[in-house]
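Asker: Following this message is one structure expressed as structure tokens.
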Amino acid sequence: MNRVAPGKISKAKALCTVDRIARHRVRQIALSIWVAALAAWLALSPIPASASQAVNLSAAIPDVASIAAWDPSALPLPDASSRAEPEPKIPAKDYLPDLRTLPMTELRLQLLPGGWRFIRLANTIWNSGQGPLELIGELNADTEQTRVHQQIYTSTDSQRRILVGEFVWHPTHDHWHMGQFTLYELWALNPDLSLGSIVASSDKLSYCAMDTDPVDLGHPRFSLRRGYVGCGQYKQGLSVGWGDTYQSFLDGQSLDVTGLPDGYYALISAVNPDGLILEENYANNAARAYLELRGDRMTVVTLKHIKMTQCDESLCK
Ligand SMILES: [Zn+2]
């Protein structure tokens, strides 16, 4: 048996100890290499997103000088074409005429043989509306009638037409007229001087509508250029701000007052009496004059004059 002296390490045991030490060192070296490799991998790896954003946000924070110089108008405008909402559609607005009658002029009493008496008058109709009065004639060859449409202009540059009557041939004026265009009436007065009853009427008169007299040169839509210049069969009208005067000597500019008793009367002239023509306002179509008839004389008077001479205090206020 191979024995080892005390205090000495056997050869086999010494070799085992050396082997353990060598293996321990190898493990230490391997661990060091692994730690170094891990550190290198971490250094080369990309930064997580949250960390990257944090870095960028901190870099984007402006300093005080940048805030003071910030101009909101310099921001880019939103792209209009990207809006989903369509533009609201605005309905077309009609540019209508507004027919009115000026105070009558050339008022006189005409005396004829046989005791006939006629009130004669000059009459001016004019257009104060936003659009022209335009009348378009259309001949029907079968009936030989000329139907008339009113042409209405609109805010969208479109036009539309409505049927409003007929053009008729006037044998003594020798041109075409729009039928049922005006009306002259003479009214007796009630005791309180309100309108009583009709004592003379022209019935509805035809009229050629054309620009003969500039009336409202200050109208925003007035033009010095005359838009309607003839009494033809296919087109007549009144431009904005223009009027048409029929003088007192013309056929039809009269009312028969033969045999009418002396007294005070109201003479009324109205355009578009049946409201066939479309216009802005029908309440301003008439003009009124007060007359005093005494034998062969006629005088234009005021309502105040009639009140002073005729009116009972209890009736006139
Ligand atoms: Zn005429």
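Asker: How far apart, in nanometres, would the label points at residue 260 and residue 280 be if each is projected 7 angstrom from Cα along the Cα-to-Cβ direction?
Answerer: A separation of 3.3 nm, rounded to one decimal place.
Asker: OK, next. Based only on other Cβ atoms within 10 Å, what is the fewest-to-most ordering of 133, 121, 260?
Answerer: Working: 133 32, 121 22, 260 16.
Lowest to highest Cβ neighbour count: 260, 121, 133.
Asker: Could you rank the peptides 175-188, 197-210, 268-281 by their average count of other C-beta atoms within 10 Å per residue, with the highest value first?
Answerer: Numbers: 175-188: 20.3, 197-210: 16.9, 268-281: 18.6.
Descending mean neighbour count gives 175-188, 268-281, 197-210.
Asker: Quick check: residue separation of residue 90 and residue 250 times 0.36 nm, minus the Cα distance between them. What number comes out in nm? Don't skip to the end; give the middle numbers.
Answerer: Numbers: separation 160, 0.36 × 160 = 57.60 nm, distance 4.71 nm.
Gain in length upon complete extension: 52.9 nm.
Asker: If packing is taken as the average count of other Cβ atoms within 10 Å, what order do 293-303, 158-168 fall into, highest mean first?
Answerer: Details: 293-303: 13.1, 158-168: 15.5.
Averaged packing, sorted descending, gives the order 158-168, 293-303.
Asker: While we're here: Can you pull the one-decimal nm distance between simple spin-label points at residue 155 and residue 195, each 7 Å off the Cα toward Cβ?
Answerer: Distance between label points: 3.4 nm.
Asker: Related question: Kindly provide the chymotrypsin sites (Phe, Trp or Tyr not before Pro) of region 237-317 that DSSP labels as loop, not H, G, I, E or B, and whose Cβ sees at most 14 other Cβ atoms within 10 Å.
Answerer: Working: sites: 242, 246, 249, 264, 265, 282, 290; in loops: 249, 282.
Answer in residue order: 249.
Bear in mind these aren't lab numbers, they're just calculated from the coordinates by the rules spelled out. If you're wondering where the values come from, they're calculated on a predicted model, not measured in any experiment. As a convention, Cβ positions derive from the backbone with ideal geometry for all residues, glycine included, and neighbour counts pool all protein chains shown.
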